[in-house]
Amino acid sequence: MEAEVSEICPTDQNTDESVRFSRVSAVATGWIFDYFFVNMCRCFKERKQDEFNEMLSTFEVISENVSLKGTTIHEKTLICALLARVINGKCLDELFDKDRSVMPLMSAASVWLDLKDTVGDESFFKSITNHLLIQSVAVCLEKGQAISASCAIEWFKKHLDVPQNLGGTLLTIVQKKETYHSLFKNFSLNRLMETIQTFLDSYLKKHPSDYLLKAATKVAQSASDIESSEGAESQDEAISESSNKSVQIQKKKSCLLT
């Protein structure tokens, strides 16, 4: 395993001294950043909320590293911010904004707005925005917070472009407290996550971020193969030793019988 690691990640002795260590460190930090980014995307896809949240704090620290620069880094940071708010969308006590009245999915809409140029597709962008509004209201009603639901609608109208008919429909639903309205079923949180996943898949295809993950997989696979080989050899030796002992016992028995 050490040999594999050395091959992929050379030690200082093999590093070209003409390359400044700060540059090497920046590249390595970028790989680590991407590793966490890809893993958080995986957790989002697999709905592993706890694992996602555990990685989030580490990702936040890494993303603040001064060596990480560029548009792509900024985009990935925003994407993780979006995913964090959506995957915790039903946790109304989670604060992602200085304004305590801004709930997770409302905050997600603000982040989504910052990603508008990255998304590119105007129709898709509006679709997700509307979906975030619908689910912001749905979650509030589900929690029995009709006033918060009304506030969410007003917040969206103030900060984002909300279709008038959708806003009116949602206000009526809130007034009637129709927690299980068909609109909420058709635009569920799960469906929202699935739709966002299509954006993630497209983004990751354009911006592959799995270099370190692939390298680690290669090392892990190599180590596994070596362990399997060593295990097989140990088993063969054990069988051989057992066989020899059996032969010796048989010889002793023969001596006793003669």
Practice problem: Arrange Trp31, Trp155 by Cβ neighbour counts within 10 Å, fewest through most, would you? | Solution: Trp31, Trp155
Exercise. Could you calculate the contour length gain from Lys177 to Glu46, that is, 0.36 nm times the residue separation minus the distance between their Cα atoms, to one decimal place in nm?
Key: 44.0 nm
Quiz prompt | Residue (of Val111, His131, Asn53) at the positive-pole extreme of the range 2-210, dipole from beta-carbon charges | solution = His131
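Note down the magnitude of the dipole of the range 2-210 about its Cα centre, charges +1 on Lys and Arg C-beta and -1 on Asp and Glu C-beta and zero elsewhere, to the nearest 20 debye.
Here the range 2-210 has a charge dipole of around 1180 debye.
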Self-check item: In Hz, Karplus ³J(HN,Hα) per residue of the range 207-218 (6.51, -1.76, 1.60; θ = phi - 60°; x = Gly, Pro)
Solution: 10, x, 10, 10, 4, 5, 5, 5, 5, 5, 5, 4
Quiz item: Can you give me the relative contact order of the range 12-85 as a percent, contacts being Cα pairs under 8 Å and 6 or more apart?
Solution: 37
Practice problem: Apply the Karplus parameterisation 6.51 cos²θ - 1.76 cosθ + 1.60, with θ equal to phi minus 60°, to every residue of the range 26-31 and state each ³J(HN,Hα) to the nearest whole Hz, in sequence, with x for glycine and proline. | Solution: 5, 5, 4, 5, x, 5
Practice problem: Measure off 7 Å from each Cα along the Cα-to-Cβ vector at Thr71 and Asp114, then give the distance between these two points in nanometres to one decimal. | Solution: 1.7
Practice problem: For the range 83-90, take each phi angle, set θ = phi - 60°, evaluate the Karplus expression 6.51 cos²θ - 1.76 cosθ + 1.60, and give the result in whole Hz per residue in order, putting x for glycine and proline. | Solution: 4, 4, 6, 6, 5, 9, x, 8
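Please rank Leu204, Leu113, Leu212, fewest neighbouring Cβ atoms within 10 Å first, as an exposure proxy. Could you put the intermediate results ahead of the total?
Working: Leu204 16, Leu113 13, Leu212 19.
In order of increasing Cβ crowding within 10 Å: Leu113, Leu204, Leu212.
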Quiz item: Arranged by the count of other C-beta atoms within 10 angstrom, fewest first, what order do Met103, Met193, Met40 take?
Solution: Met193, Met40, Met103
Quiz item: Stretch Gln197-Ala26 to full length: gain in nm at 0.36 nm per residue minus the Cα-Cα span?
Solution: 58.7 nm
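Read-outs: derived from the displayed coordinates by stated rules, not from any lab. In this text, all values refer to a predicted model and were calculated from it rather than measured experimentally. Every residue, glycine as well, gets a Cβ built from its backbone with ideal geometry; the counts of neighbours run over all protein chains shown.
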